[in-house]
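Working notes, structure below.
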Amino acid sequence: MPTLKAIALDDEPPALKVLGSLCKRNSNINLVQTFTKPSEATSFLQNHAVDLIFLDINMPTISGIDFFKSIPQPIMLIFTTAFSEFALEGFNLQAIDYLLKPITPERFEQACQKALLYYEKILSTQEEENIPEYLQIRADYSLHQIAFEDIILVEALDDYVKIHCTTGKPIVARMTLKNLQLKLPEKLFIRVHKSYIISFNKIKALRNKVVYLPNFEIPLGPTYEKVLLARLKGLD
């Protein structure tokens, strides 16, 4: 089974401690971060790809339901709350499950299994469907939609990435190259260096460990050379 990258948001630290303990028992759930403030969770989600969120409903500044509605990226949802009266609205949001506190280990495992099975179904469906045409990414306080065919390469700049396209100015977004790579179709892009991901279809030549693209010459890192050569050989 896959490993799901998860976060948790609850205004009560003891509840987060319980979730952390439960997640440690499940090798398929990687709880990467917990939050007591919705604003901090929002900031994190703007820069990190996450598969699953454990979310409390009754919080002082914003309800968990309203918080989830504000998340732009698709993410699986498991509500964790002491209030059963919100269950119907939770399922209207297509929540994977609705856990009532105190959460038992058995009930937690049941919810996680639902999330894992749903995630596997999504992966299976994506493999059968056509590759999406656009990359959606937040930068400069806006949501940008960039056609994959327009992207020449992506460059790492510390905690930022710089997306070079065939037209217009490069787009700089706060995100790691590794996280952005998850958003790019493997059939269209390939990593050739610790600091570069390039459009495979835009490779013009490879000479002396340098990859030639339109208007760019990119060094080929030794870690990535074997994979690139294998893909290029497959075109023969």
5 angstrom amide H check on Ala139, placed H, neighbours 5+ away: His144
Charges at C-beta only: +1 for Lys and Arg, -1 for Asp and Glu. How large is the resulting dipole of the chain about its Cα centre, in Debye rounded to 20? 1000
Chymotrypsin sites (Phe, Trp or Tyr not before Pro) restricted to DSSP loop in the range 137-221 with at most 10 other C-beta within 10 Å: Tyr141
Once Lys114 and Leu93 are pulled to full extension, the length gained, defined as 0.36 nm per residue separation minus their Cα-Cα distance, is 6.0 nm
Percent RCO, i.e. relative contact order, over the range 141-194, from Cα pairs under 8 Å lying at least 6 residues apart: 24
Two-site label geometry, Lys204 and Ala147: point separation in nm, points 7 Å out along Cα→Cβ: 2.0
GNM on the chain, C-alpha springs below 10 Å: top fluctuator among Asp97, Asp56, Asp150? Asp150
Loop-only check: which trypsin sites (Lys or Arg not before Pro) in the range 23-70 are DSSP coil with at most 13 other Cβ within 10 angstrom? Arg25
Would you work out which of Tyr118, Thr61, Val172 lies farthest towards the positive end of the dipole of the chain, given +1 charges on the beta-carbon of Lys and Arg and -1 on that of Asp and Glu, about the Cα centre? Val172
Going through Lys183/Lys209; Lys37/Lys114; Lys209/Lys233; Lys37/Lys194; Lys37/Lys101 one by one, the pairs whose alpha carbons sit over 22 Å apart turn out to be Lys183/Lys209; Lys37/Lys114; Lys37/Lys194
Ranked by accessible surface with a 1.4 Å probe, highest first, in what order do Val211, Val32 come? Val32, Val211
Net charge, Pro38 excluded, C-beta distance under 11 Å - Lys, Arg +1, Asp, Glu -1: -4
Residue with peak Gaussian network fluctuation, the chain [Cα springs, cutoff 10 Å], from Thr176, Thr81, Thr223: Thr223
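The values are calculated or read from the model by the stated rules, or taken from the named source; none is laboratory data. The structure displayed is predicted, hence computed values, not measured ones. All Cβ positions, glycine included, derive from the backbone under ideal geometry; neighbour counts span all protein chains shown. Accessible surface areas use protein heavy atoms only, side chains included; no ligands, DNA or RNA. Shrake-Rupley method; radii C 1.70, N 1.55, O 1.52, S 1.80 Å.
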